[in-house]
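Here's the structure, in structure tokens; my notes come after.
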Amino acid sequence: MSERVVVIGQGYVGLPVAVRAVETGFDVVGFEVDTEKVKNLNAGSSHVEDITDERLAAALATGRYRSSNEVADLAGFDIAVISVPTPMAEGAPDLSYIESASQTLAPFLRSGATVILESTTYPGTTEELCGPLLEEGSGLKMGADFHLGYSPERIDPGNQTYRLENTPKVVSGVDAASLAQVQAFFDRLVERTVPVSGTREAELTKLLENTFRHVNIALVNELAMFAHDLGIDVWESIDAASTKPFGYMRFTPGPGVGGHCLPIDPSYLSWQIERSLGQTFRFVELANDVNSHMPDYVVRRVQHLLNDMERSVKGSKVLVFGLAYKANTGDARETPAIPLCTQLVELGAVVSVADPHVADRQFPAIVTRVEGSASDLADADLILFLVEHAEFDRAAISQARVPVLDCRRALDGPTVSHL
Ligand SMILES: NC(=O)c1ccc[n+]([C@@H]2O[C@H](COP(=O)([O-])OP(=O)(O)OC[C@H]3O[C@@H](n4cnc5c(N)ncnc54)[C@H](O)[C@@H]3O)[C@@H](O)[C@H]2O)c1
């Protein structure tokens, strides 16, 4: 009989893990509190772009995958993976989802079973929060009776090259036996696992990766603003610097950061450092400051472009390409496009937005949803290009007769200026 796996949370992280586990022979329950998602998943409709409906259908057809919101379906699991959200609430990490997932799992925990936390969180969560809750609800002891570990997810939504299976996966456990179990599980799912000595090291690894990205994006964002004022093409310098084969890594400016990771994860780390050591993680604070103000900078550039035409923002029709926070995904969580559009509307602009990936319910009521067609282009006073979705007709946008502010350097034309 196949080993029984439960994956708590069937979102961007949990669904790919569940489907991959089915493909490698496990019997999987995708436990999910959102009943709409449960219904759709069981009907073969995936809400996560990286898992196509065909792949989900193949998983369902094995008879070894189903999604459920019934706690009774957790019974008898051998391995449980927790992949629930870890947002910020009022400036502090909100671990309530991890707490509730651990409490739900605990009564079903059996001797010899393994629990793996995958949610991004600050160092210490697995052993100090998850472990004790599992012990309390099961009467078992971590390490002695059940295995517990942490393995951060590295999923990059929309990335066709690096997927779950060919991206090395960091694994850890509260003791050697737990590490062995966690590693054995992921060795079946991915090509390469990378063991580290403890769960805190694994938790910090994920935060280091995201903080590194956040800080470097802030660096190029700040540089882009200075270079523009100095009359230097920062994009050309970035291209040139990227030819250095060692000691340099390419990051590009943009209208701000979004998604579940960059705007949140580094703050988990700075919050913990402040709380435990009474110190400020200055790099994170600075990066938060620069990146969260990029929408203000973009609005200023819009004002200047309209000013050059002797127009005000008030009454101007601004056509925005892209509401998602990154290309070719429908994920609009924490997207900088929303504060940006809000500011433009507050200044009196009439804002319309084209984004073929984002669901209607994620569009703010203050904007009008459009296709981004030739007539939309003809109707606009200014165009803002925020995200390089493959569906956007770059040639047509590049030839627009009105000013185009391209925040991704994806366009080239007589009226196009870059961030
Ligand atoms: N999205 C990414 O690119 C990414 C990458 C790496 C790590 N992460 C981390 O992974 C974690 C999950 O992120 P995500 O993007 O998959 O979030 P998500 O919101 O897409 O999915 C989480 C799912 O968990 C469900 N859920 C919440 N509480 C539950 C419970 N008690 N029982 C069952 N289901 C529950 C939610 O309804 C939701 O469907 C976060 O900690 C995030 O930081 C995300």
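The values are calculated or read from the model by the stated rules, or taken from the named source; none is laboratory data. Since this is a predicted model, take the numbers as computed values, not measurements. Cβ atoms come from the backbone with ideal geometry, glycine included; neighbour counts cover every protein chain shown. Ligands, DNA and RNA are excluded from the accessible area calculation, which covers all protein heavy atoms including side chains. Shrake-Rupley method; radii C 1.70, N 1.55, O 1.52, S 1.80 Å.
Within region 148-170, is even one residue in contact (Cβ under 8 Å) with a residue 24 or more places away in the chain, on the phi > 0 side of the Ramachandran plot and either among the aromatic types (Phe, Trp, Tyr) or within 13 Å of the ligand (Cβ to nearest atom) (or both)?
Yes: region 148-170 contains one or more residues that are in contact (Cβ under 8 Å) with a residue 24 or more places away in the chain, on the phi > 0 side of the Ramachandran plot and either among the aromatic types (Phe, Trp, Tyr) or within 13 Å of the ligand (Cβ to nearest atom) (or both).
Tell me whether region 49-56 contains one or more residues that are at pLDDT below 95, touching a His at 6+ places or on another chain (Cβ under 9 Å), more than 16 Å from ILE8 (Cα to Cα) and open to solvent by 40 Å² or more (accessible area, probe 1.4 Å).
yes
Could you list, ordered by first residue, the pairs with Cβ atoms under 9 Å in which the first is in region 85-100 and touching a residue at least 60 places away in the same chain (Cβ under 8 Å) and the second is in a helix (DSSP H, G or I) and charged (D, E, K, R), at least 6 apart or interchain?
Close Cβ pairs (under 9 Å, with a partner that is in a helix (DSSP H, G or I) and charged (D, E, K, R)) amount to THR86/ASP265; ALA92/ARG275.
Which one of VAL17, VAL71 is in contact with a helix residue (DSSP H, G or I) (Cβ under 9 Å, 6 or more places away or on another chain) and over 30 Å from ALA327 (Cβ atoms)?
On inspection, the qualifying residue turns out to be VAL71.
What pairs come out if I take residues in region 384-399 that are open to solvent by 80 Å² or more (accessible area, probe 1.4 Å) and pair them with residues that are aliphatic (A, V, I, L, M) whose C-beta lies under 7 Å away, six or more apart or interchain?
From region 384-399, the pairs are ARG394/ALA410; ARG394/LEU411.
Quick check on my filter: what residues within region 94-111 are in contact with a strand residue (DSSP E or B) (Cβ under 7 Å, 6 or more places away or on another chain) and either away from the ligand (no atom under 12 Å from the Cβ) or at pLDDT below 95 (or both)?
LEU109, SER111
Hey, does region 233-256 have a residue that's in contact with a Lys or Arg (Cβ under 6 Å, 6 or more places away or on another chain), without any contact (Cβ under 8 Å) to a residue 12 or more places away in the chain and open to solvent by 10 Å² or more (accessible area, probe 1.4 Å)?
Yes, region 233-256 contains a residue that is in contact with a Lys or Arg (Cβ under 6 Å, 6 or more places away or on another chain), without any contact (Cβ under 8 Å) to a residue 12 or more places away in the chain and open to solvent by 10 Å² or more (accessible area, probe 1.4 Å).
Only one of (1) of a type in the set (Gly, Ala, Ser); (2) on the phi < 0 side of the Ramachandran plot; (3) away from the ligand (no atom under 14 Å from the Cβ) is not met by GLY14, so which one is it?
Just one mismatch for GLY14, condition (3).
If I ask for residues that are within 14 Å of the ligand (Cβ to nearest atom) and either in contact (Cβ under 8 Å) with a residue 60 or more places away in the chain or not hydroxyl-bearing (Ser, Thr, Tyr) (or both), which ones from region 43-54 would you list?
HIS47, VAL48, GLU49, ASP50, ILE51 - these are the residues of region 43-54 that are within 14 Å of the ligand (Cβ to nearest atom) and either in contact (Cβ under 8 Å) with a residue 60 or more places away in the chain or not hydroxyl-bearing (Ser, Thr, Tyr) (or both).
Identify the single condition in (1) closer than 21 Å to LYS141 by Cβ; (2) modelled with pLDDT under 95 that VAL115 does not satisfy, given that it satisfies every other one.
(2)
Sort out which residues of region 1-33 are without any contact (Cβ under 8 Å) to a residue 40 or more places away in the chain and not in a helix (DSSP H, G or I), and write them in order of number.
MET1, ASP27, VAL28, GLY30, GLU32, VAL33
From the set of residues in region 293-334 that are in contact (Cβ under 8 Å) with a residue 24 or more places away in the chain and among the basic types (Lys, Arg), which is nearest to GLY256 (Cα to Cα)?
It comes out as LYS326.
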